[in-house]
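Shown next, in structure tokens, is the structure this report addresses.
The values are calculated or read from the model by the stated rules, or taken from the named source; none is laboratory data. Quick caveat, the model's predicted, so the values are computed rather than measured. Virtual Cβ from ideal backbone geometry, glycine too; neighbours counted across all protein chains shown. For accessibility, only protein heavy atoms count, side chains too; no ligands or nucleic acids. Shrake-Rupley method; radii C 1.70, N 1.55, O 1.52, S 1.80 Å.
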Amino acid sequence: NVEHIKEIVAMQQSYARVSGVAETGPVVDLVEDAIRMNVGAMERHSVELVREYLENPTITVEKHKVLQILVNLIRNAKYALDDCKEPRKLMTLRIVRNEDGSVSITVIDNGVGIPAENLTRIFGHGFTTRKDGHGFGLHSGALAAKELGGSLTAKSDGPGKGATFTLELPPRPKEKASD
């Protein structure tokens, strides 16, 4: 466990050093780093992980922002699976390159699901359904996705039907308007 913690800290530090700098690399590497940061909790809670890497596109992004979003989405999916009655706790991570060149990274779980009235509220600052939650993770993730020129969306067919979160990212950062 100590080695695992050292690995996570080293990984986080390597991302922290390059804050604000766009780097080019394979999307799968980012997803795998996010998985590694959550793997202990997923193993302890018997979460079955399915990887559907339909492609491995290269993108240019601020990697630490993408990692922040993915770590939070995976952690949230794990919590949703903890609270569900399903005997098989299933989390699927999917990577797809869209026709316009953008990349979609999707986290799908068969957990507790999201009531329709909450789908419009979950990205709001301070909104949480967990008693120990702070309501900042999805809000900050949506803001980070927007800063990256992408989006973060959620779908659920309702309570008990799982949830799907999709992070969509452009292949490279949008040019900032000069002052």
Accessible area of the range 24-142 with a 1.4 Å probe: how many percent of it is carbon plus sulfur?
49 percent
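Relative to the present Cα-Cα distance, how much length would full extension add between S151 and L90 at 0.36 nm per residue of separation?
Stretched out fully, the S151 to L90 stretch lengthens by 19.5 nm.
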Mind scanning K89/K161; K65/K146; K63/K146; K65/K161 and naming the pairs with a C-alpha gap bigger than 21 Å?
K65/K161
Gain upon complete extension [R172, N118; 0.36 nm per residue less C-alpha separation]:
16.3 nm
At a Förster radius of 35 Å, what calculated FRET efficiency corresponds to the Cβ-Cβ distance of T129 and R36, to the nearest 0.05?
0.85
